[in-house]
1. Within a 10 angstrom radius of the beta carbon, how do 150, 127 rank from fewest other beta carbons to most?
2. Would you be so kind as to identify which of 275, 181, 200 lies farthest towards the positive end of the dipole of the stretch 172-387, taking Lys and Arg as +1 and Asp and Glu as -1 on Cβ and the Cα centre as origin?
3. What ranking do 164, 388, 125 get, fewest neighbouring Cβ atoms within 10 angstrom at the top?
4. Using the Cα centre of the stretch 239-388 as the reference point, and only Cβ charges (+1 on K/R, -1 on D/E), how large is the resulting charge dipole? Debye, rounded to the nearest 20.
5. If I model the stretch 119-263 as equal point scatterers sitting on the Cα atoms and use the Debye formula, what is log10 I(q)/I(0) at q = 0.11, 0.22 Å⁻¹?
6. Taking 1 over the mean of 1/r across every pair of different Cα atoms in the stretch 177-280, what Kirkwood radius in Å do you get?
7. Just rank 228, 274, fewest to most, by other beta-carbon atoms within 10 angstrom.
8. Any idea what log10 I(q)/I(0) is at q = 0.14, 0.15, 0.19, 0.21 Å⁻¹ for the stretch 304-384, Debye with uniform C-alpha scatterers and no solvent?
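Nothing in this text is a laboratory measurement; each read-out follows from the coordinates by a stated rule. Everything numeric in this text was worked out from a predicted model, so none of it was measured. Reconstructed Cβ throughout: ideal geometry from the backbone, glycine too, with neighbour counts over all protein chains shown.
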Amino acid sequence: MSLNEQRREELIEMIEGAFVHFTMNLCSADAHETTRYSMRRALKRPHQSSEDADPFEEGENGDWDFEDNEQQQSTSSGDSDTSNPVDNEFSRNSPELLGTTSKRLLTFRLRVLAQIYELLVENRHATKRDLFYESKKIYEQQSNFDRALTAVCNFLMASRSELHVISCSKGFAIGSLRLLNALDDNEINFRFGMIALNESLVNFDFAESDATAILILEKDSVFQHLLDEKFMEIFPKTILVTGRGYPDICTRQFLNWLASQLPNIPMFILTDADPYGIEIFLTYKYGSDRSWIESGGITLPQLKWIGFLPSEANNLSVPENQLLKLTNSDKRRIEKLSKRVLFLEENAVFDELAIMLSNNCKLEIEALYTLGDKFLSTVYLKYKLEQH
């Protein structure tokens, strides 16, 4: 049995155990705890200490804050020799999946768990969109499904791909890159045009490239602009990638795989000189700080942020009408990001955030278009890529 098959069987057993425990609680005299939707002992977590942070805690609005019913459960269960034998099988330190006072959230999470179970048992895959529309009357909107899926991933300590949930990627790539299989003639060549980044790409045996750089672009509009400027003719030994905004798991997964296949090719990113752009850079490099388990811990530790830097605005003589005033939301985001980059020891990024806050302005990459025809390709990026 392969490792993937073993993991699939393990997850099936875990979900079955969770439902058995939940059902027995419904039928037990301890129904009060079940009505509070506590499944603290629903799964074994032998390596998680009671001091570990709750992976389901989200925000300050209460929707994702889980109650700690451990003490109440211990009291109601009585001494260990009289407690429910099923409870003894599970770890007392397991995080709650359904520890919420909201019946609505309970419904969403149970339904996702059931859908995941069906996928695993039948050994098939489905997109998030497929699963949402399958039970649209329950979820009502995509965001409800997405949050419930994140909770289930955290509960099972499994990535989305391990649960057979695939993404419809919004990312694209083009450039000096071929994907090949060893035993057949199957090949994808990125030189001939843009390729949509789907999850099947990482199943190729190996990647082949003579590129000297992989450049990630925050925005699809900038990606298209560079193609219009004949960037690939100016820099034929480059791979261009865009996640078209905040990167989805599929795009990040492809880049992570590409980095493992081509470890000697440096990887750079170009974003707006604003808090959102910096957050996107951090997401690519360190992963999402809200869905680490769901994404499988995908990171790009070698990634370098080469621009657009807030500190460059004055030196480049960007027109004043391109300077956008920070909003209160921007300032709050900068404060949050500053704490994160200090923790990550990204001192240069911290300095850029400080400059942005001091100048009380942000800039978009498009501001560079005003500095001359093909300035972004032939001047700015040429200098950046040669410098590194």
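1. On the way: 150 23, 127 13.
So the residues, fewest neighbours to most, are 127, 150.
2. 275
3. Values: 164 18, 388 10, 125 13.
Sorted ascending by nearby Cβ count, the order is 388, 125, 164.
4. Working: 16 positive and 18 negative charges, 48 e Å.
Magnitude of the dipole: close to 220 debye.
5. Each listed q corresponds, in turn, to -0.50, -1.34.
6. On the way: mean 1/r = 0.0693 Å⁻¹.
Kirkwood radius, the stretch 177-280: 14.4 Å.
7. Numbers: 228 10, 274 23.
Ordered from fewest to most neighbouring Cβ atoms within 10 Å, 228, 274 come out as 228, 274.
8. -0.51, -0.58, -0.87, -1.01
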